[in-house]
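Bear in mind that the values in this text are calculations on the coordinates, not laboratory data. Quantities reported herein were computed from a predicted structural model and do not represent experimental measurements. Counting neighbours? That spans all protein chains shown, and the Cβs are built from the backbone with ideal geometry, glycine included.
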Amino acid sequence: MKTPADFDLLHPDILDDPYPFYAALREHAPVHRVAGTDVHLVSKRSLIEEALERHEDFSANLTGVLMTGASGNPQVFAWAARSTPWPTPTSPLIPSTASSSSRT
C-alpha cells in the first residue's frame, strides 16, 4: 500500500478520487502534517471526534485554504483575521478602497 508521501495531495486526480489517499492516511499517518505548512489532516473517526471535543486545543475557524503554490507545493492562502469567521449579509466580501468622498 502507498504511503501519504506517495501522493500529490492537490493533484486533480487525487481531488477527483481521494479515497486511496484517505486509506493511506488511515493506515500510515492518521494525523498527517502537510509538508511545508501548519495544516494537519486527521483521517480516523475516533481522532476526528476527539479533536472536535478539544475546543481549547483545536479551532474550527477557517483562516485560510490549502492550495498549490507557485512552486507547485501545497501552501496556505490565508486571509486577514475577521471579527466574524464568515462574511455576514452586512459585511462586504471585498473591502472598498474608495473613500466615501470619492463616491457619487
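In what sequence do Phe7, Phe58 fall when counting other Cβ within 10 Å, fewest first? Intermediate values should be presented prior to the final figure.
On the way: Phe7 17, Phe58 12.
The fewest-first ordering by Cβ neighbours comes to Phe58, Phe7.
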State, as an integer percentage, the relative contact order of the stretch 4-81 based on alpha-carbon contacts under 8 Å between residues 6 or more apart.
-> 22 percent
Burial ordering of Arg26, Arg45, fewest other beta-carbon atoms within 10 Å first | Arg45, Arg26
Taking the reciprocal of mean 1/r across every pair of different Cα atoms in the stretch 4-81, the Kirkwood radius in Å is 13.8 Å
Multiply the residue separation of Val39 and Ile14 by 0.36 nm, subtract the distance between their alpha-carbon atoms, and state the gained length in nm to one decimal.
-> 7.2 nm
Linear extension gain, Glu27 paired with Thr68, 0.36 nm per residue minus alpha-carbon span = 12.3 nm
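Which loop GluC sites (Glu not before Pro) in the stretch 5-65, with loop taken from DSSP, have no more than 16 other Cβ atoms within 10 angstrom of their Cβ? Display every interim value, and only then the final one.
Working: sites: Glu27, Glu49, Glu50, Glu53, Glu56; in loops: Glu56.
Sparse-neighbourhood loop GluC sites (Glu not before Pro): Glu56.
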Fewest-first ordering of His55, His40, His28 by Cβ atoms within 10 Å yields His55, His40, His28
